[in-house]
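Presented below is the structure to which this report refers.
The values are calculated or read from the model by the stated rules, or taken from the named source; none is laboratory data. As the structure is a prediction and not an experimental result, all values here were calculated from the model. Positions of Cβ are backbone-derived with ideal geometry, glycine not excepted, and every protein chain shown enters the neighbour counts. Each accessible area value is taken on the protein alone, full model and side chains, heavy atoms only, with ligands, DNA and RNA left out. Shrake-Rupley method; radii C 1.70, N 1.55, O 1.52, S 1.80 Å.
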Amino acid sequence: QVHLVESGGELVQAGGSLRLSCVVSGRSSANYVMAWFRQAPGKEREFVAAISQAGGSKTYADFVKGRFIISRDNSQNTGYLQMNSLEPEDTAVYYCAVTNQKSIATVREEYIYWGQGTQVTVSS
């Protein structure tokens, strides 16, 4: 069984930065494409970013606009989401997820293991 634990979410002012972490246990993270999703109150869970198994390919949602950077360190079984220039609209619970698909997926149904989420709140 694969287990994911996110951390790093907190209250931050608009324009600030946060780095989220996702630790994978149970199997090597190198086996999986990793992604970040987010869900704001009353809204659907949406794709934020994804990274291939070795980290060579990355995909971002349009609303990221170059503000976020996804990365991973498979030696530490950990993935990261660096978020800069945060806006109040970025307020949401952020989830880490992994899939054993061969290529990057942006659809939540493709992801088989999920973390419990970490709350990011951006004040104006």
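What is the sum of charges, Lys and Arg at +1 and Asp and Glu at -1, for the other residues whose Cβ falls under 15 Å from the Cβ of I69?
On the way: positive: R19, K58, K65, R67, R72; negative: D73, D90.
So the environment of I69 carries a net charge of +3.
How fast does the chain diffuse by Stokes-Einstein, in µm²/s, taking the Kirkwood radius from C-alpha pairs at 20 °C and 1.002 mPa s? Show your work: numbers first, answer last.
On the way: Rh = 14.2 Å.
Approximately 151 µm²/s, per Stokes-Einstein.
So which GluC sites (Glu not before Pro) in segment 1-81 pass both tests, a DSSP loop state and at most 10 other Cβ atoms within 10 Å of the Cβ?
E44
Once you charge only the Cβ atoms, +1 for Lys and Arg and -1 for Asp and Glu, what is the size of the charge dipole of segment 1-84 about its Cα centre, to the nearest 20 debye?
So the magnitude is around 100 debye.
Where in the chain is the longest stretch that carries no trypsin sites (Lys or Arg not before Pro) classed as loop by DSSP and with at most 15 other Cβ atoms within 10 Å?
Working: sites that count: R27, K43, K65, R67, K102.
So the longest stretch without any such site is 68-101.
Apply the a/c threshold of 1.5 to the C-alpha gyration tensor of segment 37-80 and tell me whether it is rounded, prolate or oblate. Before the final figure, lay out the partial values.
On the way: a/c = 2.69, a/b = 1.75, b/c = 1.54.
Judged from the Cα gyration tensor, segment 37-80 comes out prolate (a/c at least 1.5, a/b above b/c).
Given a 1.4 angstrom probe, I'd like the percentage of the accessible area of the chain that is carbon and sulfur, rounded to a whole number.
It is 45 percent, rounded to a whole number.
Given a 1.4 Å probe, how much area per residue of the chain is accessible, in Å²? Working shown, then result.
Working: 6210 Å² over 124 residues.
Result: 50 Å² per residue.
Could you state the per residue volume, in Å³, of the convex hull enclosing the Cα atoms of segment 1-73?
Working: hull volume 8.4 nm³, N = 73.
Measuring per residue, one finds 115 Å³ for the Cα hull of segment 1-73.
With labels modelled as points extended 7 Å from the Cα through the Cβ direction, what inter-label distance (nm, one decimal) is found for T121 paired with E46?
That separation, rounded to one decimal, is 2.1 nm.
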